Every structure is written in structure tokens, then in C-alpha cells.
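Only one structure is covered here, and it is reproduced in the block below.
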Amino acid sequence: MIAAIDVGLKRIGVAIRLDEKIVVPQTSILRKNRNQAARDVDAMLIEWEIKTLVVGLPKGGSSEAEMTRRIEHFVSLLEFSGEVFYHDEYGSSGEAKEMMKGKVKQKRDGKVDSIAAQIILDRWLSR
């Protein structure tokens, strides 16, 4: 199984590939602190028997280096022993918000974060 995460400062979006064609957003993980969030991500990876993890990384922009450092540090906290791939997440959150416009009232419930993770995984799979 393959999963993707979109690591944010408040929430971590999660998406899982269920079969060869279907990628489904999951409930996002609320991030109180990085150790708790890493434990929660690890639990999800174990529960779904994930072997490959795709992690969104911001390319371009003024905070690219800082966010890359933070995201790579977060991934280093995981006890995950499968393969980890980093993939450009540029525009995924904006695209997720656009997809949800008019369909779901946009709340800070993490749906956008997990749809962004779905977009990242779809992009990675079609590379």
C-alpha cells in the first residue's frame, strides 16, 4: 500500500491508494506537537500496512528551504521502515480548495489538507 502526507504546521493531510486506480483522502491528523503527530502518522502507516510513503515538499517560494528542513525533520521522527519519496506539492492546497468550492463548506477540519495529499499522491503515481 502507498500513502501520501501533506505536512502542515497545524494538520497533516493523509491519502491512501486503495488499489491501482483509486486514491482516497483520509481524516487528517491534528498536529498538537511534532512527537504526537509522528506517533499518529506511524499508527496510520501501521494500520494501513503502508510500504511506500510519499511526502509533499514545497518547491519554489521564499520559505522553501525552511519548510523542507522542517518536513524532512518530521519524517525523521517517524519509525517507518518503508520507502519514502519526496514530491513537489506546489499548488496542491490551492487546487484542493478549488475542488471543494461550492461542494463543501470550507472549515478548518483538515479535508483540504487530505485532498492536497490525494493530489500529491496522484501526481507522484502519474510521474
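Quick notes on this structure:
- Of the residues making up the stretch 39-60, those that are under 16 Å from ALA4 (Cβ atoms) and of a type in the set (A, V, I, L, M) are VAL41, MET44, LEU45, ILE50, LEU53, VAL54, VAL55, LEU57.
- Those helices (runs of 4 or more DSSP H) lying entirely in the stretch 61-127 with at least 3 residues more than 15 Å from VAL7 (Cα to Cα) and at pLDDT below 75: 92-100
- All positions within the stretch 1-43 that are part of a helix (DSSP H, G or I) and not polar (S, T, N, Q): ARG34, ALA37, ALA38, ARG39, ASP40, VAL41, ASP42, ALA43
- Restricted to the stretch 44-56, and to residues there that are part of a helix (DSSP H, G or I) and either in contact (Cβ under 8 Å) with a residue 24 or more places away in the chain or in contact with a strand residue (DSSP E or B) (Cβ under 9 Å, 6 or more places away or on another chain) (or both), the residue that is surrounded by the most Cβ atoms within 10 Å (Cβ to Cβ) is LEU45.
- When each of SER81, SER62 is tested for being more than 23 Å from LEU125 (Cα to Cα), of a type outside the set (Asp, Glu) and free of Cβ contacts under 8 Å to residues at least 40 places away in the same chain, the lone residue that passes is SER62.
The values are calculated or read from the model by the stated rules, or taken from the named source; none is laboratory data. What you see is a predicted model, and the numbers here were worked out from it, not measured in a lab. Glycine also receives a Cβ, built like all others from the backbone with ideal geometry; neighbour counts cover every protein chain displayed.
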